[in-house]
Amino acid sequence: MTINSEALQAVPDPSSQRISVLGATGSVGQNTLDLIGRNREKFDVVALTAQTNVDKLAELSINHNAELAVIGDDQAYSDLKSALAGTEVEVAAGREALVHAASLSADWTMAAIVGAAGLQPTLAAIRQGNTVALANKECLVCAGNLFMNEVSCASAKLLPVDSEHSAIFQSIHSSNAGEIDKITLTASGGPFLKWSSDQIAAAQPEDALNHPTWSMGAKISIDSATMMNKGLELIEAFHLFPVDSSQLEILVHPESIVHGLVSYRDGSVLAQLGTPDMRTPIAYSLAWPNRMETPTERLDLATIGKLTFISPDENKFPCLRIAREILEEGAFGGVALNAANEIAVEAFLDRTLSFTAIPKLIESVLDQMHADNPPSSLSTIEEVLVIDEESRKLARSLLNHYIS
Ligand code: NAD
Ligand code: MG
């Protein structure tokens, strides 16, 4: 079952929703809580989680009257306990507590942990059977089939938060896959769109973190600079929507105004537009199937005047090609791709790895993983986590080859 056919069956709008935010201190988490804070009467906060940022988690938990605050780093328990002393917020720490928080009954859960660290908590949220707003695209990259099966088994609802996928979700008005010609994800092109290959080779973390249109966490900002983000999004879209890989297209659109398009067999193309602010797609997932007010800047096309669209350049941005090859291959490739990318991004941010070595390291890991393992589909989360760990170890051991 694909989310569009499942999610398009409208449900009644409850007057007050119990919500949890996994990854509350991050960019998506804080944007979500900004919207919640503007509509306090409509939401009760069950659980907020973070990995290390105790002060921010405590502040958000107090501001939003959370029932429970969980810090993933168990060393930080006493700091969080002190920061929340005298409040009614329950405190817990450690990985298990974090996954448990995700499994607590909530009408709506925002899955906004970054990376494969979000797999188990997001799965726990899906298994409790209500609505999960999915920002953590890595879940579908690593284990798309498994996650979509779990959504179906739990009769949960999975609503896309990624702006392109939200746009496509909003533009799909039919669950009849035969009516769709293609789905287009737009890409800003990142900060290096107009840089020469020589300039890109010398790019530093501060250049790559300087995204032209979106304000986001560090990992996704680097993914946008390499355009791996769009590659991961292709895989995400493949699992969310009823099309095959040949029907998925990427279009570079530097203004980030048109977020996604659906082309139908009669020649019609439906798209969703808006200023680049994550609060719009987050609001859509919060209010779905209705809409809610947001404070985002309104789109003024006359002032913008002109929108541009360019085909992506896979030679300049090889991560796009690498991800597309994995999309078409299936099996464990998505897990290895994601794990190698996470290690490469971390090493680039540490200034250990050059920007252009990122795709090289990822390809080496993929080549080695394919040489060492027969193609097999991953049917349990435990199998996914084993491949994830193996790929990370391999990526770390190969790092030295790419350090100049
Ligand atoms: P971020 O780095 O700003 O925040 C990440 C959150 O995850 C933080 O709350 C952090 O405490 C938590 N976290 C980090 N490591 C963790 C771990 N090991 N265990 C548990 N929690 C951990 O990231 P972000 O930009 O908000 O992105 C979150 C997710 O949403 C990513 O998957 C990203 O690809 C996706 N996404 C983000 C945006 C955006 O605008 N930022 C847009 C589309 C999709
Ligand atoms: Mg996106």
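Within the stretch 303-323, does at least one residue satisfy the condition of being more than 25 Å from residue 243 (Cα to Cα) and open to solvent by less than 10 Å² (accessible area, probe 1.4 Å)? Reasoning before the result, please.
Within the stretch 303-323, the subset more than 25 Å from residue 243 (Cα to Cα) is 303-308, 315-316.
Filter once more, keeping what is open to solvent by less than 10 Å² (accessible area, probe 1.4 Å): none.
There is no residue in the stretch 303-323 that is more than 25 Å from residue 243 (Cα to Cα) and open to solvent by less than 10 Å² (accessible area, probe 1.4 Å).
Tell me, yes or no, whether the stretch 204-217 has at least one residue that is within 16 Å of ligand 2 (Cβ to nearest atom), touching a residue at least 40 places away in the same chain (Cβ under 8 Å) and of a type in the set (A, V, I, L, M, F, W, C). Outline the logic, then answer.
As a first pass, look at the stretch 204-217 and keep what is within 16 Å of ligand 2 (Cβ to nearest atom): 211-217.
Checking the rest, the ones that are also touching a residue at least 40 places away in the same chain (Cβ under 8 Å) come to 212-217.
Of the ones still in play, those that are also of a type in the set (A, V, I, L, M, F, W, C) are 214, 216.
The answer is yes; a qualifying residue exists.
I'm trying to understand the selection: among the residues of the stretch 249-275, which are among the hydrophobic types (A, V, I, L, M, F, W, C) and under 18 Å from the mean Cα position of the chain (by Cα)? Don't jump to the end; show me each part of the working.
Filtering the stretch 249-275 down to residues among the hydrophobic types (A, V, I, L, M, F, W, C) leaves 250-252, 257-258, 261-262, 269-271, 273.
250, the sole residue that qualifies.
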Could you tell me which residue of the stretch 44-57 is nearest to residue 104 (Cα to Cα), considering only residues that are without any contact (Cβ under 8 Å) to a residue 60 or more places away in the chain and open to solvent by less than 20 Å² (accessible area, probe 1.4 Å)? 47
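Answer with yes or no whether residue 91 is modelled with pLDDT of 95 or more, over 18 Å from the mean Cα position of the chain (by Cα) and open to solvent by less than 50 Å² (accessible area, probe 1.4 Å). Steps first, answer last, please.
Values: modelled with pLDDT of 95 or more: yes; over 18 Å from the mean Cα position of the chain (by Cα): yes; open to solvent by less than 50 Å² (accessible area, probe 1.4 Å): yes.
So residue 91 fits the description; yes.
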Failed criterion for residue 176 (all others in (1) in contact (Cβ under 8 Å) with a residue 24 or more places away in the chain; (2) open to solvent by 10 Å² or more (accessible area, probe 1.4 Å) hold): (1)
Is it true that some residue in the stretch 103-118 is small (Gly, Ala, Ser), away from ligand 2 (no atom under 16 Å from the Cβ) and under 30 Å from residue 244 (Cα atoms)? yes
Pick out the one residue from 359, 289, 374, 281 that is touching a residue at least 60 places away in the same chain (Cβ under 8 Å) and either among the hydrophobic types (A, V, I, L, M, F, W, C) or over 23 Å from residue 234 (Cα atoms) (or both). 289
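I need the full set of residues from the stretch 390-404 which are part of a helix (DSSP H, G or I), among the hydroxyl-bearing types (Ser, Thr, Tyr) and within 13 Å of residue 347 (Cβ to Cβ), in order please.
So the first thing to find is which residues in the stretch 390-404 are part of a helix (DSSP H, G or I), and the list is 390-402.
Now narrow it down to the ones that are among the hydroxyl-bearing types (Ser, Thr, Tyr): 391, 397, 402.
Across the stretch 390-404, the qualifying residues are 397, 402.
Quick one: in the stretch 340-376, which of the residues that are under 24 Å from residue 143 (Cα atoms) and part of a loop (DSSP other than H, G, I, E, B) is most open to solvent (accessible area, probe 1.4 Å)? Quick ask: steps written out before the conclusion?
Applying the first criterion (under 24 Å from residue 143 (Cα atoms)) to the stretch 340-376 yields 340-346, 358-376.
Now narrow it down to the ones that are part of a loop (DSSP other than H, G, I, E, B): 373-376.
Numbers: 373: 35, 374: 95, 375: 116, 376: 53 Å².
The qualifying residue most open to solvent (accessible area, probe 1.4 Å) is 375.
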Looking at residue 254 and the list (1) part of a loop (DSSP other than H, G, I, E, B); (2) in contact with a helix residue (DSSP H, G or I) (Cβ under 9 Å, 6 or more places away or on another chain); (3) more than 26 Å from residue 177 (Cα to Cα); (4) touching a residue at least 40 places away in the same chain (Cβ under 8 Å), which single condition is not satisfied? (2)
Residues to consider are 32, 52, 122; find the one that is part of a helix (DSSP H, G or I), closer than 22 Å to residue 339 by Cα and within 22 Å of the chain's Cα centre (by Cα). 122
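Would the stretch 381-389 turn up any residue that is among the acidic types (Asp, Glu), assigned to a helix (DSSP H, G or I) and open to solvent by less than 50 Å² (accessible area, probe 1.4 Å)? Step through it out loud before you land on a result.
Here is the first cut: in the stretch 381-389, the residues among the acidic types (Asp, Glu) are 382-383, 388-389.
When the remaining residues are screened for being assigned to a helix (DSSP H, G or I), the result is 382-383, 388-389.
Pick out the ones that are also open to solvent by less than 50 Å² (accessible area, probe 1.4 Å) and you get 388.
Within the stretch 381-389 (the criterion being among the acidic types (Asp, Glu), assigned to a helix (DSSP H, G or I) and open to solvent by less than 50 Å² (accessible area, probe 1.4 Å)), the answer is yes, since at least one residue qualifies.
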Hey, residue 106 surrounded by 19 or more Cβ atoms within 10 Å (Cβ to Cβ) and in a loop (DSSP other than H, G, I, E, B) or not: yes
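The values are calculated or read from the model by the stated rules, or taken from the named source; none is laboratory data. Just so it is clear, the model here is predicted, and its values are computed rather than measured. No Cβ is skipped: glycine too gets one built from the backbone with ideal geometry, and neighbour counts run over all protein chains shown. For the accessible areas, the whole protein counts, side chains as well, though only heavy atoms, and no ligand, DNA or RNA atoms are used. Shrake-Rupley method; radii C 1.70, N 1.55, O 1.52, S 1.80 Å.
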